[in-house]
1. How large is the convex hull of the C-alpha atoms of region 3-43 per residue, in Å³?
2. Spin-label point model (7 Å from Cα, Cβ direction): what's the Asn22 to Phe40 distance in nm?
Amino acid sequence: MPIYEYECDKCGYKFELLRKINEDGSVDCVKCGGCSRRVFSSVPFIFGGTRWVGEKTKKKESTPPPKLKDTKPKSTKKS
């Protein structure tokens, strides 16, 4: 059952109720008993670039870094 948000027309009090989807009709304010109306809120979707957040991302195959040339001078032996 979804949670719906309501606001009282008389006192302005905002509250939430757990109701069935097919349940219809007016709701009395839980604070003053006045008539209240359902408030529509934004939906909490989060987009992450081109994918949904939480969707498994495919690991990219990494290429090994190029080998660097040896820049150390060669040691010379003293006799």
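What follows is calculated from the coordinates using simple rules that are stated; it is not laboratory data. The structure displayed is predicted, hence computed values, not measured ones. Glycine gets a Cβ as well: all are built from the backbone with ideal geometry, and neighbour counts include every protein chain shown.
1. Cα convex hull per residue, to the nearest whole number: 67 Å³.
2. 2.3
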